[in-house]
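Structure record follows, encoded as structure tokens.
The values are calculated or read from the model by the stated rules, or taken from the named source; none is laboratory data. Please read all numbers here as calculations on a predicted model, not as lab measurements. Ideal geometry is used to build each Cβ from the backbone, glycine not excepted, and the neighbour counts take in all protein chains shown. Surface accessibility is based on the protein's heavy atoms, side chains included, excluding ligands, DNA and RNA. Shrake-Rupley method; radii C 1.70, N 1.55, O 1.52, S 1.80 Å.
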Amino acid sequence: MKTTAKAALAAAAGAVLLCGYALGQEATFTKKGASAAIQKRDSARCWRLARKTKLTEEQATQNVVAGYLIGGIIGVLIASSTNEEANKHPKSAFRRQVHDECMAKRGYTRAE
């Protein structure tokens, strides 16, 4: 019983790490007519905005409930650690999403 629980926890942790790694990759954006300096400046502005953004209580609660429905207690633990990381880490997956949305609002498209 304990071995199965440990294996499930290790598999869940591995999946979270792989997803975090995939989401953690820097996205590159392009905009027709924008120089590299302008792109850097706009990206820096979007990162400043993203750093100020916090995960709301409602979003955090939804993440925990979804974690419980999907993975039970282990899902709750993973969701709560993800919520903590979203508000502490300057380039968390949540903040990367905010940055990407900001860049899209400025007219940039994601480069492949």
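Key figures
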{"read-out": "Above-threshold pairs, the threshold being 28 Å between Cα atoms, out of Lys31/Lys91; Lys32/Lys54; Lys32/Lys91", "value": "Lys32/Lys54"}
{"read-out": "Positive minus negative residues near Ala37 (Lys, Arg vs Asp, Glu; Cβ under 14 Å)", "value": "+3"}
{"read-out": "Accessible surface of the range 28-112 [probe 1.4 Å, protein heavy atoms]: carbon and sulfur percent", "value": "58 percent"}
{"read-out": "Amide hydrogen neighbours beyond the local backbone of Phe29, cut-off 5 Å, H modeled", "value": "Ala111"}
{"read-out": "Three semi-axes of the equivalent ellipsoid, the range 43-112, Cα gyration tensor, whole Å, largest first", "value": "27, 13, 10"}
{"read-out": "Residue-count net charge about Ser92 - beta-carbon cut-off 12 Å; Lys, Arg +1, Asp, Glu -1", "value": "+4"}
{"read-out": "At R0 = 22 Å, FRET efficiency that the Cβ-Cβ distance of Ala44 and His89 yields, to 0.05", "value": "0.80"}
